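Coordinate-derived values only; no laboratory data. For clarity, every value in this text was computed on a predicted model and none was experimentally measured. Please note: Cβ atoms are built from the backbone with ideal geometry, for glycine as well, and neighbour counts cover all protein chains shown.
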Amino acid sequence: MKIETTEIEGLLEITPKVFEDERGYFYESYNKKTFIENGVDFNFIQDNQSLSQEGVLRGLHFQAPPFAQGKLVRVIKGAVIDVAVDLRKNSPTYGRYHKVLLTEVNKRLFWVPPGFAHGFLTLEDDTIFSYKVTNIYNKESERCIKWDDEDLNLNWSLPENIELIISEKDQEGISFKDYETEFCVNNN
């Protein structure tokens, strides 16, 4: 398993070692020991999975403290553009984002720690997106920053032929400048 840091502290791109032969493939999508050796020592308490059609954009979601969640995300089938935005007020990368292409072919994973807003855009029909989380879901702690916020200026790399499908909740997300962050680098 290859674990790479990004330009934003805390975000990790993970490429598993895949064993392939005429039968198919095998790989470890999670190994606690390997993650601990790379500074990711969280207790995952729940696995989530979603199915989305091409053009579905989900996000930018997060849970406020004390229900903040870290997420280890991957695609089982299909492809997504995955985005994380730094919400930690004392971070040198506050308000910056990182995106990664996750597909069933590249089998990459993306670690999004607490203190980040997260979203993804599906690039294929019947995309299955999976993620492990470090805390329970709490409705009152749920937050959403607008996916097309002017101040964040996210480049979703939208293919021309994709028509966006966005939930009402996500369309009504708050602006980044109106969100008073509850996160810090050392106590997210």
Using helices alone, I'd like the mean residue ellipticity at 222 nm for the chain: each DSSP H run of four-plus residues gives -39500 (n - 2.57), total over residue count, nearest 500. -1000 deg cm²/dmol
Residue (of 103, 59, 26) at the positive-pole extreme of the chain, dipole from beta-carbon charges: 26
With DSSP loop assignment and no more than 13 other C-beta atoms within 10 Å, the chymotrypsin sites (Phe, Trp or Tyr not before Pro) in segment 22-92 are 27
Determine the distance separating the Cα centre of segment 73-114 from the Cα centre of segment 117-188; give it in Å without decimals. 11
What's the local net charge at residue 133, with K and R +1, D and E -1, over the other residues with C-beta under 10 Å away? +1
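Among DSSP beta bridges lying fully in segment 44-171, give the percent that are antiparallel, nearest 5.
Antiparallel bridges make up about 95 percent of those DSSP assigns within segment 44-171.
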Sorting 111, 156 on the 10 Å Cβ count, fewest up front, what's the list? 156, 111
Around residue 163, under 13 Å between beta carbons, what's the net of Lys plus Arg minus Asp minus Glu among the other residues? -3
Which shape class applies to the chain: rounded if a/c is under 1.5, otherwise prolate when a/b exceeds b/c and oblate if not, where a ≥ b ≥ c are the square roots of the Cα gyration tensor eigenvalues? oblate
Of all GluC sites (Glu not before Pro) in segment 126-188, which ones are in loop regions per DSSP and have a Cβ with at most 12 other Cβ atoms within 10 Å? 150, 160, 163, 172, 180
Which value, in debye to the nearest 20, describes the size of the charge dipole of segment 44-171 about its Cα centre when Lys and Arg Cβ atoms bear +1, Asp and Glu Cβ atoms bear -1, and nothing else is charged? 720
Using only the Cα atoms of segment 2-51, build the gyration tensor, take square roots of its eigenvalues as a ≥ b ≥ c, and label the shape rounded, prolate or oblate: rounded if a/c is under 1.5, else prolate if a/b is larger than b/c, else oblate. prolate
Sum up the charges of everything whose Cβ sits under 10 Å from the Cβ of residue 76, counting Lys and Arg as +1 and Asp and Glu as -1, but leave residue 76 out. +2
